[in-house]
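Have a look at this one.
The values are calculated or read from the model by the stated rules, or taken from the named source; none is laboratory data. As the structure is a computational prediction, the values presented were derived from the model and not from experiment. Neighbour counts are summed over all protein chains in view; Cβ atoms, including those assigned to glycine, are modelled from backbone coordinates with ideal geometry. Surface accessibility is based on the protein's heavy atoms, side chains included, excluding ligands, DNA and RNA. Shrake-Rupley method; radii C 1.70, N 1.55, O 1.52, S 1.80 Å.
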Amino acid sequence: MTTFSDLGLIEPLLRALTAEGYTVPTPIQTRAIPLLLQGRDMLGIAQTGTGKTAAFALPILQRLDANRIKAKARCPRALILTPTRELAVQIGDGFKTYGRHLGFKHTVVFGGVGQGQQVSAMNAGVDILVATPGRLLDLMNQRHIDLSQVEFLVLDEADRMLDMGFIRDVKVIVAKIGANRQTLLFSATMPEAVMSLAKGILRDYERIEVTPQSTTVERIDQKVMFVAREDKRKLLQHLLSDKSITRVLVFTRTKHAANRVSEHLIKAGIAADAIHGNKSQNARQRSLEAFKSGKARVLVATDIAARGIDVDGISHVINFELPADPESYVHRIGRTARAGTSGCAISFCDADEVADLKAIERTTRQTITVDTSHAFHAGHVATRSDRSRSPGGQPPQGQKPSGEKQGQPRRNRNRRGPSKPWDNRSQAA
Ligand code: AMP
């Protein structure tokens, strides 16, 4: 079995990894670290949850260390561009954790908050800068940040940066960085626009793909509950009466729905919070912290706000509303079963969402087990989906098999493959 020291990492990094309890590198780490240590460019097709942050942070730290220069004011040597504040903070934390014995200075720059502290940090000297594109460009235009010394450039979640309208900003930023650099681009999906961006900025790159597009993470138990739209809130409340559902991310399609669901839960005495793009950055961060610390058992989120949320121990993802595109389904359920644990994903499906469910099943090439063992099962929706009985043969309402507790679904019948961390996820490009 490959170990981190087999990958050629230096002792201060190995020590930090041991302290974090990382024993086995994930597939993306095994494949990316050696070639990044050689200075190669890379195109990584990987979702969050695959260990990609360490896959790029460790070699960057090691290469910075191999050529130590005193941190200069305003001029970072490594730049990581990422779409959201939450991701930026997580990546910054990653550099802090993995680089704790190397003494580099890093800072995180994002919008929605005052710029004073960020400017002071840049003036104090920075080796590694993690930034969202809008604020970075703003500070560059004010001459608080100078990218002329950047040697390592990482574009993280490139597809989401494009979706969020950052493409122009990203291009302007990259144009300020000299050609003599190592460049890495990560994206969960590879639409044409990302591919053309990659071709424009990478040189002689290696392509590494770890989770094939649209393939659902295998160790997640998935099930669908057919329910009338007006019963969804009651069903959610009912499910949450099961205390084995410890940390739940609930997805809605709209910000408005996220607020309404979280307010309903709070009224019902369930500790819940909502996170979406209408909230200020500080409010979003507070909600995330409350969820991480366990103060809020339920976080209700929209797709964009939740992208990349890295909270350990999410026991359940509940799709209160199904997403319009199957890719988002894969991203949503990937928020559970992080770092090698297992997790459950429950999707509510009303009559108007049957087509969305079918699209998800087509894309992920699986049939999601139907759970009829809840009080709000809507037979008419099941009929519309041609699934009045589940493929797994679960009995209709009222005939719950003995020993099966509500909220603790059985493993999907159609599951394949092992349940070990990251097994089965390494795919050749
Ligand atoms: P990422 O894909 O970078 O968001 O990482 C997902 C999660 O996996 C984070 O919580 C990391 O701390 C954790 N992680 C990354 N690499 C490893 C590893 N080799 N062993 C155990 N946990 C890891």
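Counting only residues that are more than 15 Å from Leu102 (Cβ to Cβ) and away from the ligand (no atom under 12 Å from the Cβ), how many does segment 2-25 have?
Selection size over segment 2-25: 3.
While we're looking at this one, here's another question. Any idea which residue in segment 33-47 is surrounded by the most Cβ atoms within 10 Å (Cβ to Cβ), counting only those that are more than 16 Å from the ligand (Cβ to nearest atom) and touching a residue at least 40 places away in the same chain (Cβ under 8 Å)?
Leu43
Scan (1) near the ligand (Cβ under 9 Å from one of its atoms); (2) out of contact with any Leu (no Cβ under 7 Å at 6 or more places or on another chain); (3) part of a loop (DSSP other than H, G, I, E, B) for the single condition Ile28 breaks and write down its number.
(3)
While we're here: Could you tell me how many of the residues in segment 281-314 are open to solvent by 20 Å² or more (accessible area, probe 1.4 Å), under 16 Å from His331 (Cα atoms) and within 16 Å of the ligand (Cβ to nearest atom)?
2
Can we say Thr50 is among the hydroxyl-bearing types (Ser, Thr, Tyr), in contact (Cβ under 8 Å) with a residue 40 or more places away in the chain and not in a helix (DSSP H, G or I)? Steps first, please.
Details: among the hydroxyl-bearing types (Ser, Thr, Tyr): yes; in contact (Cβ under 8 Å) with a residue 40 or more places away in the chain: yes; not in a helix (DSSP H, G or I): yes.
Against the criterion (among the hydroxyl-bearing types (Ser, Thr, Tyr), in contact (Cβ under 8 Å) with a residue 40 or more places away in the chain and not in a helix (DSSP H, G or I)), Thr50 qualifies.
Report yes if some residue within segment 58-79 is part of a helix (DSSP H, G or I), within 15 Å of the ligand (Cβ to nearest atom) and over 25 Å from Arg135 (Cα atoms); otherwise report no.
Yes, segment 58-79 has at least one match.
Which numbered condition trips up Leu17, out of (1) open to solvent by 10 Å² or more (accessible area, probe 1.4 Å); (2) farther than 19 Å from Val154 by Cβ?
(1)
Matching residues to (1) aromatic (Phe, Trp, Tyr); (2) under 26 Å from the mean Cα position of the chain (by Cα); (3) buried (at least 24 other Cβ atoms within 10 Å of the Cβ); (4) modelled with pLDDT under 95:
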| site | (1), (2), (3), (4) |
| --- | --- |
| Leu236 | no, yes, yes, no |
| Ser244 | no, yes, no, yes |
| Arg247 | no, yes, no, yes |
| Val250 | no, yes, yes, no |
| His256 | no, yes, no, yes |
| Glu263 | no, yes, no, no |
| Lys267 | no, no, no, no |
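Each row is one residue, and each column tells you yes or no for (1) in contact (Cβ under 8 Å) with a residue 40 or more places away in the chain; (2) within 16 Å of the ligand (Cβ to nearest atom); (3) touching a Ser or Thr at 6+ places or on another chain (Cβ under 7 Å); (4) of a type in the set (D, E, K, R).
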residue: Leu81; (1), (2), (3), (4): yes, yes, no, no
residue: Thr84; (1), (2), (3), (4): yes, yes, yes, no
residue: Arg100; (1), (2), (3), (4): yes, yes, no, yes
residue: Gly103; (1), (2), (3), (4): no, no, no, no
residue: Gly112; (1), (2), (3), (4): yes, no, yes, no
residue: Gln117; (1), (2), (3), (4): no, no, no, no
residue: Asp127; (1), (2), (3), (4): yes, no, no, yes
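Does at least one position in segment 362-374 carry a residue that is in the same structural domain as Asp325 (by TED's automatic domain parsing), assigned to a helix (DSSP H, G or I), modelled with pLDDT of 80 or more and closer than 30 Å to Glu209 by Cα?
If we filter segment 362-374 for residues that are in the same structural domain as Asp325 (by TED's automatic domain parsing), which is where we start, we get 362-374.
Imposing the further condition that a residue be assigned to a helix (DSSP H, G or I) reduces the set to 362-364.
Going one step further and asking which of them are modelled with pLDDT of 80 or more, we end up with 362.
From what's left, closer than 30 Å to Glu209 by Cα: 362.
So far as segment 362-374 goes, yes, one or more of its residues are in the same structural domain as Asp325 (by TED's automatic domain parsing), assigned to a helix (DSSP H, G or I), modelled with pLDDT of 80 or more and closer than 30 Å to Glu209 by Cα.
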